[in-house]
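First up is the structure itself, then whatever we jot down about it.
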Amino acid sequence: MTADTALAIPPYQADDQDIVVELQARFGADTFTLQPTRTGMPVLWVPRARLIEVLSFLRQVSKPYVMLYDLHGVDERLRTQRRGLPAADFSVFYHLLSIERNSDVMIKVALREGDLNVPTATGIWPNANWYEREVWDLYGITFAGHPHLTRLLMPPTWEGHPLRKDYPARATEFDPFSLSAAKQDLEQEALRFKPEDWGMKRGSEHEDYMFLNLGPNHPSAHGAFRIILQLDGEEIVDCVPEIGYHHRGAEKMAERQSWHSFIPYTDRIDYLGGVMNNLPYVLAVEKLAGIKVPDRVDFIRVMLAEFFRITSHLLFLGTYIQDVGAMTPVFFTFTDRQRAYQVIEAITGFRLHPAWYRIGGVAHDLPRGWDRLVKEFVDWLPKRLDEYEKAALKNSILIGRTKGVAQYNTKEALEWGVTGAGLRATGLDFDLRKARPYSGYENFEFEVPLAHSGDAYDRCLVRVEEMRQSIRIIDQCLRNMPEGPYKADHPLTTPPPKERTLQHIETLITHFLQVSWGPVMPANESFQMIEATKGINSYYLTSDGSTMSYRTRIRTPSFAHLQQIPAVIRGSMVPDLIAYLGSIDFVMADVDR
């Protein structure tokens, strides 16, 4: 399963200044304002008039920035710690990723409240489409030239832009909600799909097209997700994915939770990822605080994260095989997940949402007998995976339904922001645990599973092999678990070690303040991405020197993966779409947040 790709990934370049030199040489040093951050990449503010010129240069430069990894906004109006930054009421940032450089760059543009207008970047990266729609939806920033700038997460009838600082953060701040019969009719009518709005024709010269709603309650939609299909017979001419049914405003919630109390909210993003969701968040907070965790913490975090990779992939495998017509395997994969959850529960005390990682460590040390439970699981699972491979993956029906279906290549994957197994199934060897090691992953021996067809079948093969590699990593944690504390010795560790509160007045004071208010993080910006269960997940945090985050941006893999659907599935049959949706392995909470 493992193979070498033609493109060798160089060592990770944190804060790579080469691109800054290239940009200044091309556009002049006075074009840019450099912002010092703890994000691990150069952050440059550019004038709006030169934005598209700069972005186009970065897309075409030698060793180009092939992926628009993220694009979003910030309401800057209440921010007090802005020394040296351009005057701005709002800002838009573009986070760009280069595979050939293995480094990132962030471009920011400052906007005034009376002129919230930016040119669209959809002509440079196609996946800018949904990101720009989300920024317009939540901030009211217009992207001139965008092909269809409409609401994305909020209902079409919604008033206001919820991520603005002057927009209420709690339901109790609104008038009581009522839904009259007339208002309900209005909401229902707003959901009616009008093909003309999307530039679609209702028919060709010889026949009418059929428009079919798949979801938001269809079992193959894997959650509250709607796709409107334009069909010529059973062939998909075009489709429009519609998201937002699961939107809970996690980024808004982060602005009124303490740095510590937001941890349980992260579990609910990819709700199958468990502690995998805590990891990029606590790592980003630790960068803000300047906390270096003990080796034991790294090992414990890696072990539990890999357990959740396995539970997530087992759920994927069972439901994927069910999507293409086989009923039995899903019962076996759920039974296997229970065995993993027994270990997780014994260690953390919880199953699906442990919220167990802490700023500076984990909630408590490993319990007595943890090693025996982990060893039993590590010895048992590989044999089960062999059975799945034999019974399901070599099954002629599954092969017939998925081989050659929903294919895309590496170039297309990068253009649409695809990460994780969906990217590695095209042959590109890019796994953050190897390419940009975090939490001590450089200390573990494991392979990066690859495939080459980039189809629905290969995406499944890659994930099955990833489970085998996760077992290897967990086994190394079991055999090499370091001694030492389960929390960093740092005043901003949350909460500080209880036993020290009885001996040190400083620790007692810190403990009291943290429990009542939460820790105060230095004013700065930090960023952390990880190789999560569904692809690359990241947290971009802005601190204004307070007990709460000024801005928390959660970039999830599933959002990008669903945006790609129309580009991949046009010209295919409806059953191919069902196999494709299963092969993406998405969670709607991961999309909508």
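The values are calculated or read from the model by the stated rules, or taken from the named source; none is laboratory data. None of the values given here were measured: they were computed from a predicted structure. Here the Cβ is made from the backbone with ideal geometry for all residues, glycine too, and neighbour counts use every protein chain on show.
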Scanning the range 435-454 for residues that are of a type in the set (D, E, K, R) and touching a residue at least 60 places away in the same chain (Cβ under 8 Å), which turns out surrounded by the most Cβ atoms within 10 Å (Cβ to Cβ)? R436
Can you confirm whether E412 is of a type in the set (D, E), assigned to a helix (DSSP H, G or I) and without any contact (Cβ under 8 Å) to a residue 40 or more places away in the chain? no
Among the residues of the range 485-539, count how many are under 30 Å from R82 (Cβ atoms) and assigned to a strand (DSSP E or B). 11
In the range 210-226, what residues are at pLDDT 85 or above and either surrounded by fewer than 17 Cβ atoms within 10 Å (Cβ to Cβ) or aromatic (F, W, Y) (or both)? M210, F211, L212, N213, F225
Taking the conditions exactly as written (hydroxyl-bearing (S, T, Y) and within 16 Å of I228 (Cβ to Cβ)), does S572 satisfy them or not? yes
Report, by residue number, each residue of the range 145-193 that is exposed (fewer than 10 other Cβ atoms within 10 Å of the Cβ), farther than 23 Å from R256 by Cβ and within 32 Å of the chain's Cα centre (by Cα). Q188, R192
Can you tell which of T501, T507, T493 is crowded, with 21+ Cβ neighbours inside 10 Å and not assigned by TED's automatic domain parsing to the domain that holds R372? T493
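Conditions tested, residue by residue: (1) within 15 Å of the chain's Cα centre (by Cα); (2) not basic (K, R).
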position: A254; (1), (2): no, yes
position: D267; (1), (2): yes, yes
position: G274; (1), (2): yes, yes
position: L279; (1), (2): yes, yes
position: V285; (1), (2): no, yes
position: L288; (1), (2): no, yes
position: V293; (1), (2): no, yes
position: R296; (1), (2): no, no
position: R309; (1), (2): yes, no
So if I check each of M521, M481, which one is within 30 Å of V43 (Cβ to Cβ) and of a type in the set (A, V, I, L, M)? M521
Number of the exception - L138 against (1) out of contact with any strand residue (DSSP E or B) (no Cβ under 7 Å at 6 or more places or on another chain); (2) surrounded by fewer than 22 Cβ atoms within 10 Å (Cβ to Cβ); (3) of a type in the set (A, V, I, L, M, F, W, C): (2)
Unique residue being more than 22 Å from the chain's Cα centre (by Cα) and modelled with pLDDT under 90 when the list is N443, N395: N395
Positions within the range 32-62 being aromatic (F, W, Y) and outside any helix (DSSP H, G or I), in sequence order: F32, W45
Yes or no: the range 217-237 includes at least one residue that is touching a helix residue (DSSP H, G or I) at 6+ places or on another chain (Cβ under 8 Å), outside any helix (DSSP H, G or I), free of Cβ contacts under 8 Å to residues at least 24 places away in the same chain and not aromatic (F, W, Y). no
Of all residues in the range 174-206, which are part of a loop (DSSP other than H, G, I, E, B) and farther than 18 Å from C239 by Cα? F174, D175, P176, F177, S178, L179, S180, E205, H206
Return the total of residues in the range 79-104 being of a type outside the set (S, T, Y), farther than 13 Å from K63 by Cα and in a strand (DSSP E or B). 4
With respect to G422, is the statement that it is at positive phi and crowded, with 22+ Cβ neighbours inside 10 Å true? no
Unmet requirement for M67, which otherwise passes all of (1) closer than 25 Å to E255 by Cβ; (2) of a type in the set (A, V, I, L, M); (3) surrounded by 22 or more Cβ atoms within 10 Å (Cβ to Cβ): (1)
Those helices (runs of 4 or more DSSP H) completely within the range 247-366 that have 2 or more residues that are among the polar types (S, T, N, Q) are 275-289, 295-323, 329-348
Only one of these is free of Cβ contacts under 8 Å to residues at least 60 places away in the same chain, surrounded by 20 or more Cβ atoms within 10 Å (Cβ to Cβ) and among the hydrophobic types (A, V, I, L, M, F, W, C): L373, L315, L304, L381. Name it. L304
Restricting the range 456-509 to residues that are among the β-branched types (V, I, T) and in contact with a Lys or Arg (Cβ under 7 Å, 6 or more places away or on another chain), which is farthest from M303 (Cα to Cα)? T507
Going by the structure shown, is L373 under 29 Å from the mean Cα position of the chain (by Cα) and in the same structural domain as H452 (by TED's automatic domain parsing)? no
Take Q564 and tell me if it is under 21 Å from K487 (Cβ atoms) and under 26 Å from the mean Cα position of the chain (by Cα). no
Return the residue satisfying two criteria in turn: it lies in the range 387-419 and is of a type in the set (A, V, I, L, M) and surrounded by 19 or more Cβ atoms within 10 Å (Cβ to Cβ), and of such residues it is nearest to F559 (Cα to Cα). V418
Can you pull out every residue in the range 327-348 that is surrounded by 18 or more Cβ atoms within 10 Å (Cβ to Cβ), over 17 Å from V464 (Cα atoms) and hydrophobic (A, V, I, L, M, F, W, C)? V343, I344, I347
If only one of Q13, Q60, Q17 is over 30 Å from M467 (Cβ atoms) and surrounded by 16 or more Cβ atoms within 10 Å (Cβ to Cβ), which one is it? Q13
List pairs: first in the range 273-295 and in contact (Cβ under 8 Å) with a residue 40 or more places away in the chain and at negative phi, second part of a helix (DSSP H, G or I) and small (G, A, S), Cβ under 8 Å, 6+ apart or cross-chain? G273/S312; V275/A305; M276/A305; M276/S312; L279/A305
Just for the range 70-89: of the residues that are more than 20 Å from Y12 (Cβ to Cβ) and crowded, with 20+ Cβ neighbours inside 10 Å, which one is farthest from the chain's Cα centre (by Cα)? A88
When the range 350-362 is checked residue by residue, the ones that are within 24 Å of T493 (Cβ to Cβ), surrounded by fewer than 17 Cβ atoms within 10 Å (Cβ to Cβ) and touching a residue at least 12 places away in the same chain (Cβ under 8 Å) are none
Does the range 131-141 contain at least one residue that is in the same structural domain as I52 (by TED's automatic domain parsing) and basic (K, R)? yes
Quick check, is V54 outside the structural domain of A451 (by TED's automatic domain parsing), β-branched (V, I, T), free of Cβ contacts under 8 Å to residues at least 60 places away in the same chain and crowded, with 18+ Cβ neighbours inside 10 Å? yes
